[in-house]
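A.B. asks: Here it is: the structure, laid out below.
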There are 2 protein chains.
Amino acid sequence: MRRLLSLGIFVCIFMNPVFSQMAEKPLMGFGPDASKSQREREAKFDASLKRENLREWMKRLSARPHHVGSPYDRENAEFMLGLFKSWGFDAQIESFDVLFPTPKTRLLELVAPEKFTARLDEPAVAGDATSGQKDEQLPTYNAFSADGDVTAPLVYVNYGVPRDYEELERRGIDVKGKIVIARYGGSWRGIKPKVAAEHGAVGCLIYSDPRDDGYFQGDVYPKGAYRSENGAQRGSVADMPVFPGDVLTPGIPATKDAKRLDRKDAPTITKIPVMPISYGDALPLLRNLGGPVVPEAWRGALPITYHFGGDDSAKAHFKLEFNWDIKPIYDVLAKMPGAERPDEWIIRGNHHDAWVNGADDPVSGLVALLEEARGLGELAKTGWKPRRTIVYAAWDGEEPGLLGSTEWVELHADELKNKAAVYINTDSNGRGFLGMSGSHTLEKFINEVAKSVPDPQTDLSVWERSRANQLVNGSPTVRAELSGRSDLRIGALGSGSDYTPFLQHLGIASLNLGFGGEDGGGSYHSVYDSFDHFTRFGDTNFDYGIALARVCGHAVMRLADADTLPFEFTNFADTVGGYLNDIIKLTDTMRDDTAAANQLITSGMWQAVQDPKAKLIAPKTQKPVPYLNFTPLQNALARLRESARNYQAATAGKKYAPATERTLDGILMKTERMLTNPNGLPRRDWFKHQIYAPGFYTGYGVKTLPGVREAIEQRDWIEAGRQIAIAAETLENFAAEIDRAAAAAKN
Amino acid sequence: MRRLLSLGIFVCIFMNPVFSQMAEKPLMGFGPDASKSQREREAKFDASLKRENLREWMKRLSARPHHVGSPYDRENAEFMLGLFKSWGFDAQIESFDVLFPTPKTRLLELVAPEKFTARLDEPAVAGDATSGQKDEQLPTYNAFSADGDVTAPLVYVNYGVPRDYEELERRGIDVKGKIVIARYGGSWRGIKPKVAAEHGAVGCLIYSDPRDDGYFQGDVYPKGAYRSENGAQRGSVADMPVFPGDVLTPGIPATKDAKRLDRKDAPTITKIPVMPISYGDALPLLRNLGGPVVPEAWRGALPITYHFGGDDSAKAHFKLEFNWDIKPIYDVLAKMPGAERPDEWIIRGNHHDAWVNGADDPVSGLVALLEEARGLGELAKTGWKPRRTIVYAAWDGEEPGLLGSTEWVELHADELKNKAAVYINTDSNGRGFLGMSGSHTLEKFINEVAKSVPDPQTDLSVWERSRANQLVNGSPTVRAELSGRSDLRIGALGSGSDYTPFLQHLGIASLNLGFGGEDGGGSYHSVYDSFDHFTRFGDTNFDYGIALARVCGHAVMRLADADTLPFEFTNFADTVGGYLNDIIKLTDTMRDDTAAANQLITSGMWQAVQDPKAKLIAPKTQKPVPYLNFTPLQNALARLRESARNYQAATAGKKYAPATERTLDGILMKTERMLTNPNGLPRRDWFKHQIYAPGFYTGYGVKTLPGVREAIEQRDWIEAGRQIAIAAETLENFAAEIDRAAAAAKN
């Protein structure tokens, strides 16, 4: 009661000015009158949304396992097709044929010093209605692991990222010919077998340590939301930072007759067998490892002393065989044609396939998308027609590797390059704070949208609550910046959901949105990601599902109906300036650190402070870090800033003739395309975007200015120089395009 | 092999200049010729030291439990008395009569939701010859706990420090009428029951979480060195930051006829019963706690989800009764009279009592002290006589509360104020790096001493290896400072060993020395602190025992034989300047943080970002932090810096007449006295030193400029102002004394 009261006071003082100010100020891309009617339409849309629909659809869509190739996957697609049609959309299913391996044999045993056979099974749980659907569940496995049958000593490699192998090197522990056991976390899972194979390992186990999403974090299921001892995390391990989508048809659509790679030549299938296991199955393995004790940062929450292994203390046998079948996937596409500019598309998607029942991942986001589409359908029935075309998509095959979205994008690439203005993605959704990531040309826009949606728990706007969170919990840098900047910074996109082909392959401005932060848990990619789990521990009453439908619905409607597309470039220039500063600082820090480390090694100081009993091997000295010539990027950025300011000045408060609006839109919708380079990134030409990419050695984690940054991180100074030139040219071209837009706006 | 080679090269390049430079430069307090003969004497001393003696004496001294009041405690004292006498010392035992409670009844049960009776016993272990000496072992208990018999709900309070109770307050969890269970660490143990009682708890359990010294850190005993599931940490919980020593005779010696407090009036006995338990005994209690999940920083390494409890989920019954007996303690004092200045004493001590067998604590330090005394005895037999008096001490009753040293200091206070020049303390000793703490007037001196002793493992000096450790592992601040400062900074002394009465009660310049950092373990205050444990996991071949004997032996000999005492004041002034900066910064940070926190609370931002399901209670706003007038301290410090520089200039390279030497010594040996104030610190007048004190709410942890700092930490701005004046006056008086010394040096 007291809490509500103090919040009430707070709302009076702080919120009303925001709302009243917003009511007066025209929306980005709209004139004053159009803004008013847009806001009225949003109010009608909001009023039409019903949380009971979300609950009902989640129950329906997650009632049975619905992974790629399962009967229920197709049933769900057809169910949604029916819904979209009933709401007046021009809907259809587009199908592709993709390689989708499923396990035939899974065996893991500890053969020495004691015998133990891993359970590899997630048992049914009381109070969880779907956890016992054994007949239809995919067992725990990692898709796109190689087949294999190996017996070898075990080595614990922490998260299994490159830095961890440096630590092993200090101890003279070689993983060559051995099976590594890594814990989930610290990188996307597919990085672990990739780096293990690079170091000569013959097999890779990935387990869920209770430190990361088990009892250390909270009570385990079914008492609480966290992963129990038999829970394991399924997931793809294809080398997606090289290319996502069907592993046999890189860059081309996986149609029935597509020219396919031979499976043995498919570069993104792992080189070694890899399997996810529970901590119940990992414990007997880890408990028996010999060798030195691992450093503190490597230790999880199992009640043991963690050792490296790597000697012959513990030996495992591990066998995997897969059915390497081609399976159909079913994307559901639903169009609402634009009345005025039908060839400008606003695309909105969420995947529908799951590893098992997937109530949280992806259904929690999907049902918000459905309700949003229903709301637009309702508006359309009252006579509203969007000026631009709206496309709703429910993607199949996201879990094994963004298959549905990637193949669709590859099939329609030419049309999309011409017509796609913006792609808005969601995936899982939860309770808490709005997370906003994407193209920084849309930063100002999505900030404005977020201000228009109330938070279900506080009576603040979702934007205000996100900002409050940064004020209270942000780093000193974040907090300091908040007072001087009117927009919240949105994140940059790496990978991990269906925006990747749109943004990083084609250069379509994209956003990824979702709520979270207050409903932690450990059901991810397990049989326990169920309706029962979600409605007990997630967004239990679907309040945040509605909030997400509002945020995305407002965004879609504004993008579809604005006089001109609400792109803005000063925030983008500011952001890229930040990335460039980061990279310069990174290089300077590497230079200092390398010099300092070399000095400690050559002077013998490093060696002198090691415990002689630990017999550590000194790191090798590294070549000094040179000074890189960043001026091409600095000059390009200076020009970009100026172009962005000029465009802002040229468009401020301006009302255009219809023809100018069209010309301007035609330029604006393609500006993000200018951030791509047809040659793509080094060693992964599928990734064309020069500002955002998933990290080659982080997986989902983003690398900004990736060509330059990764060359520096890999200490390839020659490539760094080349990439600086490419990135600079990209920014110059982008600035030129903004200049074109500014010139068009002046006509 | 490779490692040795590179170290060899390193030694050629880097070490020789240091050694050769040292061979030329006169020692502090010595002229060139005297330096040479002093160095030769040290070489003779070093050559006489034998590690076999350390091993043999450790085996002898730790062969049976030897706590206060035990037969073997007295036998050890008499054994050492015999040794000292055999080496030519004028030795005697001084005895006091102290209150020493031992357990009569110990019972701990979980009564709900399940029945469990705690084992409260450390079983014998294979391969540990003394762990089964049940008849003589003190059981696991906390000395100076109150008697009690309580049944109440349990609350987990993390480390049980004041900050933890703020976290409980956020959750509306009150410990009033409840039993708290705290984990060891985060403060000295005696703080936990003190703070618990201040908050109304009726009992306090302290357990050893495996995160802190159990399996999380390394393999457990007997496989490894760490604490196993039944190991528990004994220890005193008397409120020693108020006063140490016998709890019934504060400030006066506990002689047979001393006027004693009634036990019920003894202020340092705990207000509530308190008991240490193993994690084996804690697990059933913690596992059954209900209430919310604790924050991440509160979680240990037990395989459970840690909850606060505090509701009626888990209830414990806990009964303690003690024999409140007066027991004799036996200090062994061994004097080697000074030939020239017998009334200037260099005192060197280590305690001899243990909680059980105490091979590490305290015997590892004690045997180094014995060998050192034997070495001096050998020298004396060849005709050497120290110019000043040397006093060796083996203290009894350190474990229950620095009893032996405190009572001896209180008995001889007047004589010591006149005669004591320096006190050098050791306690446990291990393998690794030299730790140096103490009076900063001795910083330069002990740095010089540390350069004269080779490290057993690397061929560097122990000083060089300590410095290398700071270079490699120090914080950026520490590393940056190393290049610009010729001396390693020594630590400030809080409490936890026998230097406290010398330094903080009487103002005798003190040092505390010991090696460590490479022999972690969890035998502390358990039956497993045994000869077998130490010789497997500690300083196994006593190399560092010899190194300690050398460091302390050189220090004692130089202090005893220098022309004038090697005190130096610029390092002290520099250090106090650092403390003052810390305190000013602390106040500024508190001011900013308080304003920022108040703003978040009054604006409702703090409330808005809390998960409403967690039902957190907002913190109360706090009064703004005023600007304090630090100028008296700044001015005093400026004067001190000048006095220190003047003294340095006045004494540089100077040779004095014998009478001047005596005059100068007479002033120098009492300078540290000027850093005391007869009124002591607020609410604890036993602690007289104004620069160093144990923290009122940290226990062993030091508070520098304690009067000022603790007033600020407690937000008592009026007291802070008063304490600034007192500290400033102290520094002015100290500076005046340095001026007197400088004047004497000019005569």
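A.B. asks: Based on what the data block shows, is B:A618 surrounded by fewer than 18 Cβ atoms within 10 Å (Cβ to Cβ), facing chain A (nearest Cβ under 9 Å) and within 22 Å of B:D174 (Cα to Cα)?
C.D. replies: Yes; evaluated as a whole, the condition is true for this residue.
A.B. asks: Can you name the residue in segment B:605-614 that is within 8 Å of chain A (Cβ to nearest Cβ) and not small (G, A, S) and is also farthest from B:L168 (Cα to Cα) among such residues?
C.D. replies: Of everything passing the filter in segment B:605-614, B:M605 is farthest from B:L168 (Cα to Cα).
A.B. asks: Taking the residues in segment B:469-479 that are of a type outside the set (S, T, N, Q) and within 11 Å of chain A (Cβ to nearest Cβ) as candidates, determine which candidate is farthest from A:I601 (Cα to Cα).
C.D. replies: B:P476
A.B. asks: Please tell me if B:T540 is among the β-branched types (V, I, T), surrounded by fewer than 20 Cβ atoms within 10 Å (Cβ to Cβ) and either over 30 Å from A:A597 (Cβ atoms) or within 12 Å of chain A (Cβ to nearest Cβ) (or both).
C.D. replies: Numbers: among the β-branched types (V, I, T): yes; surrounded by fewer than 20 Cβ atoms within 10 Å (Cβ to Cβ): yes; either over 30 Å from A:A597 (Cβ atoms) or within 12 Å of chain A (Cβ to nearest Cβ) (or both): yes.
It is true that B:T540 is among the β-branched types (V, I, T), surrounded by fewer than 20 Cβ atoms within 10 Å (Cβ to Cβ) and either over 30 Å from A:A597 (Cβ atoms) or within 12 Å of chain A (Cβ to nearest Cβ) (or both).
A.B. asks: Among the residues of segment B:335-355, write down those that are surrounded by 24 or more Cβ atoms within 10 Å (Cβ to Cβ), over 29 Å from B:L261 (Cβ atoms) and among the hydrophobic types (A, V, I, L, M, F, W, C).
C.D. replies: Residues satisfying the conditions are B:M336, B:W345, B:I346.
A.B. asks: Could you list, in sequence order, the residues of segment A:308-334 that are crowded, with 24+ Cβ neighbours inside 10 Å and in a loop (DSSP other than H, G, I, E, B)?
C.D. replies: A:G310, A:A314
A.B. asks: From the list B:T594, B:T589, B:T602, exactly one residue is within 14 Å of chain A (Cβ to nearest Cβ), under 21 Å from B:R709 (Cβ atoms) and at pLDDT 95 or above. Which is it? Outline the logic, then answer.
C.D. replies: Values: B:T594 fails: within 14 Å of chain A (Cβ to nearest Cβ); B:T602 fails: under 21 Å from B:R709 (Cβ atoms).
Being within 14 Å of chain A (Cβ to nearest Cβ), under 21 Å from B:R709 (Cβ atoms) and at pLDDT 95 or above holds for just one of B:T594, B:T589, B:T602, which is B:T589.
Yes/no per residue for (1) assigned by TED's automatic domain parsing to the domain that holds A:E136; (2) in contact with a helix residue (DSSP H, G or I) (Cβ under 7 Å, 6 or more places away or on another chain); (3) touching a residue at least 60 places away in the same chain (Cβ under 8 Å):
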| site | (1), (2), (3) |
| --- | --- |
| A:I304 | yes, yes, no |
| A:S313 | yes, no, yes |
| A:F318 | yes, no, yes |
| A:W355 | no, no, yes |
| A:A373 | no, yes, yes |
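A.B. asks: Among the residues of segment A:22-60 satisfying the criterion of being of a type in the set (G, A, S) and touching a Pro at 6+ places or on another chain (Cβ under 9 Å), which is surrounded by the most Cβ atoms within 10 Å (Cβ to Cβ)?
C.D. replies: Step by step, filter segment A:22-60, then rank; the result is A:G29.
A.B. asks: Only one residue in B:D532, B:D592, B:D543, B:D561 is without any contact (Cβ under 8 Å) to a residue 12 or more places away in the chain and acidic (D, E), so which one is that?
C.D. replies: Working: B:D532 fails: without any contact (Cβ under 8 Å) to a residue 12 or more places away in the chain; B:D543 fails: without any contact (Cβ under 8 Å) to a residue 12 or more places away in the chain; B:D561 fails: without any contact (Cβ under 8 Å) to a residue 12 or more places away in the chain.
One residue alone meets the criteria, B:D592.
A.B. asks: Can you confirm whether B:A112 is of a type outside the set (D, E), in the same structural domain as B:G214 (by TED's automatic domain parsing), closer than 30 Å to B:E371 by Cα and touching a residue at least 60 places away in the same chain (Cβ under 8 Å)?
C.D. replies: When the stated conditions are applied, B:A112 does not pass them.
A.B. asks: Where residues in segment A:277-301 are under 29 Å from the mean Cα position of the chain (by Cα), closer than 15 Å to A:S228 by Cβ and of a type outside the set (D, E, K, R), which of them is nearest to the other protein chains (Cβ to nearest Cβ)?
C.D. replies: Residue satisfying both the conditions and the ranking: A:A301.
A.B. asks: Of the residues that sit in segment A:446-458 and are outside any helix (DSSP H, G or I) and more than 9 Å from chain B (Cβ to nearest Cβ), which one is farthest from A:Q38 (Cα to Cα)?
C.D. replies: So the residue we want is A:P456.
A.B. asks: What number goes with the only condition from (1) surrounded by fewer than 24 Cβ atoms within 10 Å (Cβ to Cβ); (2) of a type outside the set (A, V, I, L, M, F, W, C); (3) touching a residue at least 40 places away in the same chain (Cβ under 8 Å) that A:D219 does not pass?
C.D. replies: If we test A:D219 against (1) surrounded by fewer than 24 Cβ atoms within 10 Å (Cβ to Cβ); (2) of a type outside the set (A, V, I, L, M, F, W, C); (3) touching a residue at least 40 places away in the same chain (Cβ under 8 Å), just (3) comes out false.
A.B. asks: While we're on this one: Pull out all pairs, ordered by first then second residue, where Cβ-Cβ is under 7 Å, the residues are six or more apart or on different chains, the first lies in segment B:490-516 and is closer than 14 Å to B:Y700 by Cα, and the second is among the β-branched types (V, I, T).
C.D. replies: Pairs that qualify, where the first residue is closer than 14 Å to B:Y700 by Cα and the partner is among the β-branched types (V, I, T), are B:A492/B:V702; B:A492/B:T704; B:L493/B:V702; B:G494/B:V702; B:P501/B:T406; B:P501/B:V409.
A.B. asks: Of these, B:L434, B:L442, which one is buried (at least 24 other Cβ atoms within 10 Å of the Cβ) and assigned to a strand (DSSP E or B)?
C.D. replies: Working: B:L442 fails: assigned to a strand (DSSP E or B).
The conditions single out B:L434.
A.B. asks: Let me ask something else about it. Could you tell me which numbered condition B:A197 fails, if it satisfies all but one of (1) farther than 23 Å from B:E296 by Cβ; (2) in contact with a helix residue (DSSP H, G or I) (Cβ under 9 Å, 6 or more places away or on another chain); (3) aliphatic (A, V, I, L, M)?
C.D. replies: Only one criterion is unmet by B:A197, namely (2).
A.B. asks: Looking only at strands (runs of 3 or more DSSP E) that lie completely in segment B:115-224, which have at least 2 residues being under 19 Å from B:H307 (Cβ atoms) and at pLDDT below 95?
C.D. replies: Of the strands (runs of 3 or more DSSP E) lying wholly inside segment B:115-224, none has at least 2 residues that are under 19 Å from B:H307 (Cβ atoms) and at pLDDT below 95.
A.B. asks: Another question, then. Please tell me if A:S278 is under 22 Å from A:L402 (Cβ atoms) and of a type in the set (G, A, S).
C.D. replies: Details: under 22 Å from A:L402 (Cβ atoms): no; of a type in the set (G, A, S): yes.
When the stated conditions are applied, A:S278 does not pass them.
Residues are listed down the side, and each one gets a yes or a no for (1) in contact (Cβ under 8 Å) with a residue 24 or more places away in the chain; (2) crowded, with 20+ Cβ neighbours inside 10 Å; (3) under 23 Å from B:E642 (Cβ atoms); (4) assigned by TED's automatic domain parsing to the domain that holds B:I252:
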| position | (1), (2), (3), (4) |
| --- | --- |
| B:A693 | yes, yes, no, no |
| B:F696 | yes, yes, no, no |
| B:I712 | yes, yes, no, no |
| B:I718 | no, no, no, no |
| B:Q723 | yes, yes, no, no |
| B:T730 | yes, yes, yes, no |
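A.B. asks: Give the residue, chosen from B:V294, B:V242, that is surrounded by fewer than 24 Cβ atoms within 10 Å (Cβ to Cβ) and closer than 30 Å to B:W408 by Cβ.
C.D. replies: B:V242
A.B. asks: Among the residues of segment B:458-481, what is the count of those that are buried (at least 16 other Cβ atoms within 10 Å of the Cβ) and either more than 21 Å from the chain's Cα centre (by Cα) or not small (G, A, S) (or both)?
C.D. replies: Matching residues across segment B:458-481 total 14.
A.B. asks: Would you check which residues across segment A:53-67 are touching a residue at least 60 places away in the same chain (Cβ under 8 Å), outside any loop (DSSP other than H, G, I, E, B) and among the charged types (D, E, K, R) and list them?
C.D. replies: A:R55, A:K59
A.B. asks: Report yes if B:A573 is aliphatic (A, V, I, L, M) and free of Cβ contacts under 8 Å to residues at least 24 places away in the same chain, otherwise no.
C.D. replies: No; evaluated as a whole, the condition is false for this residue.
A.B. asks: Go through segment A:222-239 residue by residue and tally those that are at the interface with chain B (Cβ under 10 Å from one of its Cβ atoms) and buried (at least 24 other Cβ atoms within 10 Å of the Cβ). Break it down stepwise before answering.
C.D. replies: Just the residues of segment A:222-239 that are at the interface with chain B (Cβ under 10 Å from one of its Cβ atoms), to begin with: A:223-224, A:226, A:229.
Those left that are additionally buried (at least 24 other Cβ atoms within 10 Å of the Cβ): A:226.
Going through segment A:222-239 one residue at a time, the tally reaches 1.
A.B. asks: Right, another one. Could you look through segment B:732-747, keep only residues that are in a helix (DSSP H, G or I) and not small (G, A, S), and pick out the one that is surrounded by the fewest Cβ atoms within 10 Å (Cβ to Cβ)?
C.D. replies: B:K746
A.B. asks: In segment B:651-661, what residues are surrounded by fewer than 17 Cβ atoms within 10 Å (Cβ to Cβ) and either closer than 23 Å to B:K419 by Cβ or under 36 Å from the mean Cα position of the chain (by Cα) (or both)?
C.D. replies: B:A652, B:G653, B:A657, B:P658, B:A659
The values are calculated or read from the model by the stated rules, or taken from the named source; none is laboratory data. Please read all numbers here as calculations on a predicted model, not as lab measurements. All Cβ positions, even for glycine, are placed from backbone atoms using ideal geometry, and neighbour counts span all protein chains on display.
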